[in-house]
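Let me begin by presenting the structure, written as structure tokens, before commenting on it.
The values are calculated or read from the model by the stated rules, or taken from the named source; none is laboratory data. Everything numeric here is computed off the predicted structure, so don't read it as measured data. Cβ: placed from backbone, ideal geometry, glycine included. Neighbour counts: every protein chain shown. When the accessible area is computed, the model is the full protein with side chains, heavy atoms only, and any ligands, DNA or RNA have been set aside. Shrake-Rupley method; radii C 1.70, N 1.55, O 1.52, S 1.80 Å.
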Amino acid sequence: MSVADELPPDDLAELWLTPAQLDSWLSVVRLMTRLPWAIDAQLQRDADLSMIEYMSMAMLSDTPAQTLRMSELAERTSSSLSRLSHLIKRLESRDYVRREADPTDGRFTNVTLLPAGLRKLESAAPAHVAFVRRLVIDNLSAERLRRLGQDADRIVGRIDSPAR
């Protein structure tokens, strides 16, 4: 049952967006669609990596021993375990990461960033950061960037809350 099914007919009009709200929403939709595509294209062109591959290796690089459980890496990259498993298999074939049973609990699998993966990440980072800076960071004042980050966190918090 949807929210609209629960409302009396007179309250349905309140569900529709105003023209200003619709314009803002469509801008957000365009951003959510085009920004990941642009970043992925830059990483593919300049580093032969997808955005999710880069993100996964970056997340691993920021951890002790450059190792995470697959489930934790999936959460940090907003990826399903199934999708992440295929991605890690591709990265393993390039000797960028290694999978092995978690020594503290064999029910879990750990992923470790290997030296070749760290070198690949380090070589990709300058062009990637310059691209992100050009598209996003340098287009906003420090205050607008701070507010954008806060607004994004607020929306993600709503997505992640159990009572949506």
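Answer with yes or no whether Ile88 is open to solvent by less than 30 Å² (accessible area, probe 1.4 Å) and farther than 25 Å from Ala152 by Cβ.
yes
Here's the yes/no breakdown for (1) modelled with pLDDT under 95; (2) surrounded by fewer than 18 Cβ atoms within 10 Å (Cβ to Cβ); (3) among the acidic types (Asp, Glu):
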position	(1), (2), (3)
Glu53	no, no, yes
Ser61	no, yes, no
Gln66	no, no, no
Leu81	yes, yes, no
Arg98	no, yes, no
Arg107	yes, yes, no
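Restricting to the stretch 116-150, count the residues that are of a type outside the set (A, V, I, L, M, F, W, C), under 21 Å from Ser61 (Cβ atoms), open to solvent by less than 90 Å² (accessible area, probe 1.4 Å) and over 20 Å from the mean Cα position of the chain (by Cα).
Selection size over the stretch 116-150: 1.
Just to be sure I understand the filter: pairs with C-beta atoms under 6 Å, separated by 6 or more residues or on different chains, first member in the stretch 46-67 and farther than 18 Å from Val129 by Cβ, second member open to solvent by less than 40 Å² (accessible area, probe 1.4 Å) and assigned to a helix (DSSP H, G or I). Which pairs pass?
Taking only residues 6 or more apart or on different chains, the pairs are Gln66/Leu60.
Where the second residue is surrounded by 14 or more Cβ atoms within 10 Å (Cβ to Cβ) and not aliphatic (A, V, I, L, M) and the first is under 17 Å from Gln44 (Cα atoms) and at pLDDT 95 or above and lies in the stretch 125-137, which pairs have Cβ atoms under 7 Å and are six or more apart or on separate chains?
What qualifies is Ala127/Asp46; His128/Gln42; His128/Tyr54; Phe131/Gln42.
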